[in-house]
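Written out below as structure tokens is the structure these notes cover.
The values are calculated or read from the model by the stated rules, or taken from the named source; none is laboratory data. Predicted, not measured: the structure shown is a model, and the values here were computed from it. FYI the Cβ positions are ideal-geometry reconstructions off the backbone, even for glycines, and counts take in every protein chain you see. When the accessible area is computed, the model is the full protein with side chains, heavy atoms only, and any ligands, DNA or RNA have been set aside. Shrake-Rupley method; radii C 1.70, N 1.55, O 1.52, S 1.80 Å.
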Amino acid sequence: MNNGQAESPAVSSNQSYSYTYVVNQDGSRTYNYSNGFNRTAAVQAPAVAAPAANLDRVSSSDTAAAPVAKKAVATTASVNNNVAAIANSMAASRSYVYGGNSSTVVDCSAFAQQVLAAMGKSIPRTTWAQMAAGTPVSTPQPGDLVFFNGGSHVGVYIGNGQMVDALNPSAGVGQRAVSYIDGSITGYYRY
């Protein structure tokens, strides 16, 4: 995710376009590109399925039924004391692409999902679904996720005011101070 900053979508030539987006009430985004193209991107279902007992089905007249994860119960122990090593190792082999979710390209929520999966935790794909599935905590521990600007960005907290995240195409995927992100911290969440 892009922390609310404009970025260029992937194109097959050297052309680039800036865009703005609006987060709709259902979590989808409407993009307005500088070349006049507009599109709405739907909320994606989680790429890694959560246990069946942890899902509710919801639907509305204009969207298909999608799983919604229930809040996880916070644990007092950190997810894994090696979270910094795991996250940094994964960051070294990935680059940022908005909407990316593979072993080589990720966006912020895909990166957070992949790091937690490497530690045995199954979380949803999008930042908003990740926030809904987690439990807010006031004292962050390594392995918690830190969300920014109402859920427009997420990073994996590794302790000492540091996180590993997939920020944007120019800053890439890597370790940085939590304070590096423009805007405000929405909260820390545990899974």
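Some notes on this structure:
Okay, residues lined up against (1) under 20 Å from A85 (Cα atoms); (2) hydrophobic (A, V, I, L, M, F, W, C):
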| residue | (1), (2) |
| --- | --- |
| A117 | yes, yes |
| F148 | no, yes |
| I158 | yes, yes |
| G174 | yes, no |
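- Test for L116: is it open to solvent by less than 40 Å² (accessible area, probe 1.4 Å), more than 10 Å from the chain's Cα centre (by Cα) and within 13 Å of R190 (Cα to Cα): yes
Listed here are the residues, each with its yes/no results for (1) in contact (Cβ under 8 Å) with a residue 12 or more places away in the chain; (2) touching a Phe, Trp or Tyr at 6+ places or on another chain (Cβ under 7 Å); (3) aliphatic (A, V, I, L, M).
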{"site": "D107", "(1), (2), (3)": "yes, yes, no"}
{"site": "I123", "(1), (2), (3)": "yes, yes, yes"}
{"site": "A132", "(1), (2), (3)": "yes, no, yes"}
{"site": "P142", "(1), (2), (3)": "yes, yes, no"}
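- Considering the conditions (1) open to solvent by 20 Å² or more (accessible area, probe 1.4 Å); (2) more than 20 Å from N82 (Cβ to Cβ), P124 is excluded by exactly one of them, (1).
- Restricting attention to region 129-149, the residues being crowded, with 19+ Cβ neighbours inside 10 Å and outside any loop (DSSP other than H, G, I, E, B) number 8.
- Under the condition of being open to solvent by 40 Å² or more (accessible area, probe 1.4 Å) and assigned to a helix (DSSP H, G or I), the residues counted in region 150-191 number 3.
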